[in-house]
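First up is the structure itself, then whatever we jot down about it.
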Amino acid sequence: MASSTKHTSGDTLQRRGLMFILSSPSGAGKTTISRMLLSRDPQISLSVSATTRPMRPGEQDGVHYHFVQQAEFERMVDADEFYEWATVFGHSYGTPKAQIRAGLKEARDFLFDIDWQGTQQLYQKDQQDVVRVFILPPSIDELRRRLTERATDPADVIQARMERARAEISHWDGYDYVVVNDDVETCYDQVCEILHAERRKRARQTGLIGFVRELMKD
């Protein structure tokens, strides 16, 4: 019984949160795995980016994005208020530092759905809190099949996505973990194993020093 009590205490030690990055080429399953994580794990939430693009129907400021004007976005860039930022199809997107840093101190975990360039920027700014996971398709043929079965893009767009996928896959070695998504539930389980292990890392257990000192008292 005493052993069980000690184990429970250790599980509830204060810890620091982490920034959990999922990247993959389009069609490899990153969005599906992200949605599964967010719906099943209450300890992790999606990082809310700032953007200059117009709000779409059904979107809410502060929930889906922080919608800002271009001048405000540029001010934030100049003030180094972003972990990472990029301009895509004429609109700017960035990850604000302040809200993430505050959440990490409160043991909140943040999920990032970003590409390898954003991953590099984020890792360079804050290596200790970043966990990088890359999801691969089981084959190029399977990736093409998935993109085709979506029936949302014409053939030329699918071909462009395939070319970009090959470029993105070439950066697989810039990640801490690589998972092959042959079966979505198996892939999800593997991603969860990574997340749970990273949460238990000694460096993130900020309550360990005090806990161990209490154990070693006469």
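Using the Karplus relation 6.51 cos²θ - 1.76 cosθ + 1.60 with θ = phi - 60°, the per-residue 3J(HN,Hα) values for the stretch 20-27 come to 9, 9, 10, 10, 5, x, 4, x Hz, with x marking Gly and Pro. One decimal place: the segment ALA86-GLN120 gains 11.0 nm when fully extended, by the rule 0.36 nm per residue minus the C-alpha distance. With the simple spin-label model, which puts each label point 7 Å out from Cα in the Cβ direction, the ARG164 to ARG202 separation comes to 4.3 nm.
Amide H contacts of LEU136 (H built 1.01 Å from N, in plane; Pro and chain starts excluded): VAL179, VAL180, ASN181 sit under 5 Å, all sequence-distant by 5 or more or on other chains. Multiplying each eigenvalue of the alpha-carbon gyration tensor of the stretch 106-189 by 5 and taking the square root yields semi-axes of 27, 16, 12 Å, largest first, rounded to whole angstroms. Amide H contacts under 5 Å for SER45: ASP109, PHE110, LEU111, restricted to partners 5 or more places along the chain or on a different chain, H placed in the peptide plane at 1.01 Å from N. In the chain, Cα pairs under 8 Å separated by at least six residues give a relative contact order of 33 percent. With helices as the sole contributors, the chain gives -13500 deg cm²/dmol at 222 nm; each DSSP H run of n ≥ 4 counts as -39500 (n - 2.57), and the sum is divided by every residue. This model, with +1 at the C-beta of Lys and Arg and -1 at the C-beta of Asp and Glu, gives the stretch 107-189 a dipole about its Cα centre of some 280 debye.
Sorting THR32, THR52 from the fewest to the most surrounding beta carbons within 10 angstrom yields THR32, THR52. Peptides 15-28, 195-208, 123-136 ordered by packing proxy, namely the average of other Cβ atoms within 10 Å per residue, highest first: 15-28, 123-136, 195-208.
For the stretch 4-129, the fraction of alpha-carbon pairs lying more than 20 Å apart is 51 percent, rounded to a whole number. Computed over the chain, the P(r) curve from all C-alpha pair distances, binned at 10 Å from the origin, holds 7, 28, 33, 21, 8, 3, 0, 0 percent per bin.
Between ALA98 and ARG145, residue separation times 0.36 nm minus the direct Cα-Cα distance comes to 12.8 nm. Please give the helix 140-150 orientation as an angle from the longest Cα principal axis of the chain, in degrees from 0 to 90, rounded to the nearest 10. Helix 140-150 sits roughly 70 degrees off the main axis of the chain.
What does the extension gain come out to for LEU215 and THR186, with contour length at 0.36 nm per residue minus their alpha carbon separation? Result: 6.5 nm gained on full extension.
Each value in this text was obtained by applying a stated rule to the coordinates, not by laboratory testing. No experiment lies behind these values; they were computed from the predicted model shown. FYI the Cβ positions are ideal-geometry reconstructions off the backbone, even for glycines, and counts take in every protein chain you see.
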